[in-house]
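Notes for the one structure printed next.
The values are calculated or read from the model by the stated rules, or taken from the named source; none is laboratory data. Every value quoted in this text rests on a predicted model; they were computed, and no experiment measured them. FYI the Cβ positions are ideal-geometry reconstructions off the backbone, even for glycines, and counts take in every protein chain you see. Note: areas computed on protein heavy atoms with side chains; ligands, DNA, RNA excluded. Shrake-Rupley method; radii C 1.70, N 1.55, O 1.52, S 1.80 Å.
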Number of protein chains: 2
Amino acid sequence: MIDVKATTGELIDAYYSSWGSGIESFDARRLRELLADDVYYESPIAGDRQGVARFVADLMRIAADLRSPIRIVKRFESDDRAAIVYDASLPQGSIRFAEFIDIAAGRIRTITQVFDAGRYQPGGRR
Amino acid sequence: MIDVKATTGELIDAYYSSWGSGIESFDARRLRELLADDVYYESPIAGDRQGVARFVADLMRIAADLRSPIRIVKRFESDDRAAIVYDASLPQGSIRFAEFIDIAAGRIRTITQVFDAGRYQPGGRR
């Protein structure tokens, strides 16, 4: 269980390392510790969704598509928020993602994701 | 000329209000005060570019496409950085943009933009 006093930086490190290096090191159990049970996420593909189970399943599809670890380009954080830009090497090529994260009680509570959905659909679905 | 002691919040307000309400209120002169002369910007369409003249021209094309003022969804800032998510009502529909901004000497120095380039090209160009 992650310490609720973990810093934002530690939480963000743990989040991206739990899925961002691909399916071999994908850690669903760890993700369920880092994410609030009712995590709310918005993305151009998934739309608006709530709940850790669906989100972890979506992350697994992205991890399975990764050709190499994600590369963080910009990272910016405060006590209860973080904003990250990263490049992901995917079957369609390098796709840039932006994520805005809100943190509450030591866990990720909301994620707003922006990316070029015209070029990438996780797992090939639309 | 913007006061170099202007807060990040004031600079960000001024930046989005100089182009984000459409072409009628587009303010190229104000933008040239807010942006560093050698502003560096990256976007999925423009690629990597430097220089205020080209950037202001690109913003003008986006402003001309706006059907209503942009709507800021997330906003997050520190002394020298800001990260913003906004929705823009464009001919193709509502498109979500994320922008990461670095500030130096009271002006915007770099902008990293992420959006669904599959759905939107400013001014219809590719």
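Looking down the axis that turns A into B, which residue of A has the closest beta carbon, and how many Å out?
Axis relating chain A to chain B; nearest Cβ residue and distance: A:118, 0.
Scan around residue B:119 for amide H atoms under 5 Å from its own, H built in the peptide plane at 1.01 Å from N, and keep only partners 5 or more places away or cross-chain.
Amide H neighbours of residue B:119, under 5 Å, 5+ apart: A:118.
Identify, among A:21, A:91, A:103, the residue whose Cα sits farthest towards the positive end of the charge dipole of chain A, taking +1 on the Cβ of Lys and Arg and -1 on the Cβ of Asp and Glu, with the dipole about the Cα centre.
A:91
What is the ratio of the Cα radius of gyration of chain A to 2.2 N^0.38 Å, with N the residue count, to two decimals? Please report the intermediate quantities before stating the final value.
On the way: Rg = 13.4 Å, N = 126, 2.2 N^0.38 = 13.8 Å.
In units of the 2.2 N^0.38 Å rule of thumb, it is 0.97.
Which of rounded, prolate or oblate describes the stretch B:1-58 when judged by the alpha-carbon gyration tensor and an a/c cut-off of 1.5? Don't skip to the end; give the middle numbers.
Values: a/c = 1.80, a/b = 1.30, b/c = 1.39.
Oblate, since a/c reaches 1.5 and b/c is not below a/b.
For residue A:38, place a label point 7 Å from Cα along the Cα-to-Cβ direction in every copy; what are the distances to the other copies, in nm, shortest first?
So the label point of residue A:38 gives 5.1 nm to the other copies.
Please give me the summed charge of the neighbours of residue B:41: other residues whose Cβ is under 12 Å from its Cβ, Lys and Arg +1, Asp and Glu -1.
Numbers: positive: B:49, B:54, B:109; negative: B:38, B:42, B:48, B:58, B:99, B:102.
After counting each charged neighbour, the total is -3.
Normalising by the residue count of chain B, find the relative contact order in percent from Cα pairs under 8 Å and 6+ residues apart.
Once normalised by length, the contact order is 27 percent.
Give the interface area between chains A and B as buried accessible surface, both sides summed, probe 1.4 Å, in Å² to the nearest 100.
1900
For the stretch A:6-18, what does the Karplus curve 6.51 cos²θ - 1.76 cosθ + 1.60, with θ = phi - 60°, yield as ³J(HN,Hα) per residue in whole Hz, taken in order and with x for Gly and Pro?
Result, ordered by residue: 3, 6, 4, x, 5, 5, 5, 4, 5, 4, 5, 6, 7 Hz.
Of the DSSP beta bridges with both residues in chain B, give the percent that are antiparallel, rounding to the nearest 5. Numbers along the way, then the final one.
Values: 28 of 32 bridges.
Around 90 percent antiparallel, to the nearest 5.
May I ask you to evaluate 6.51 cos²θ - 1.76 cosθ + 1.60, the Karplus curve with θ = phi - 60°, for each residue of the stretch A:112-122 and list the ³J(HN,Hα) values in order in whole Hz, giving x for glycine and proline?
The phi angles translate into 10, 10, 10, 7, 7, 5, x, 9, 9, 10, x Hz.
Roughly speaking, to the nearest percent, how much of the protein assembly as shown's 1.4 Å accessible area is carbon and sulfur? Walk me through the numbers before you get to the answer.
Numbers: 5300 of 11270 Å².
C and S atoms contribute 47 percent here.
Any idea how far the Cα center of the stretch B:73-126 sits from the one of the stretch A:12-77, in Å?
So the two Cα centres are separated by 23 Å.
Helix-derived [θ] at 222 nm for chain A: sum -39500 (n - 2.57) over DSSP H runs of at least 4, divide by residue count, nearest 500? Walk me through the numbers on the way to the answer.
Values: 3 runs with 33 residues, N = 126.
Helix contribution divided over all residues of chain A: -8000 deg cm²/dmol.
When chain A is treated as a GNM, springs tying every alpha-carbon pair under 10 Å, which of A:39, A:85, A:73 comes out with the largest mean-square fluctuation?
Result for chain A, Cα springs under 10 Å: A:73 fluctuates most.
Using amide H atoms built 1.01 Å from N in the peptide plane, name the residues 5+ places from residue A:75, or on other chains, whose amide H lies under 5 Å from its own.
Placed amide hydrogens put A:85 under 5 Å from residue A:75.
Just the Kirkwood number for the protein assembly as shown, please: inverse of mean 1/r across all distinct Cα pairs, in Å, one decimal. The partial results should precede the final answer.
Numbers: mean 1/r = 0.0530 Å⁻¹.
Every distinct Cα pair counted, the radius reaches 18.9 Å.
Under the Karplus relation 6.51 cos²θ - 1.76 cosθ + 1.60, θ = phi - 60°, what is the ordered set of whole-Hz ³J(HN,Hα) values for the stretch A:62-70, x standing for Gly and Pro?
Each residue of the stretch A:62-70 in turn: 5, 4, 5, 7, 5, 8, 7, x, 4 Hz.
At 7 angstrom along the Cα-to-beta-carbon line, where would the label on residue B:93 sit relative to the other copies? Give the distances in nm, shortest first.
Inter-copy label distances (nm, one decimal, shortest first): 2.3.
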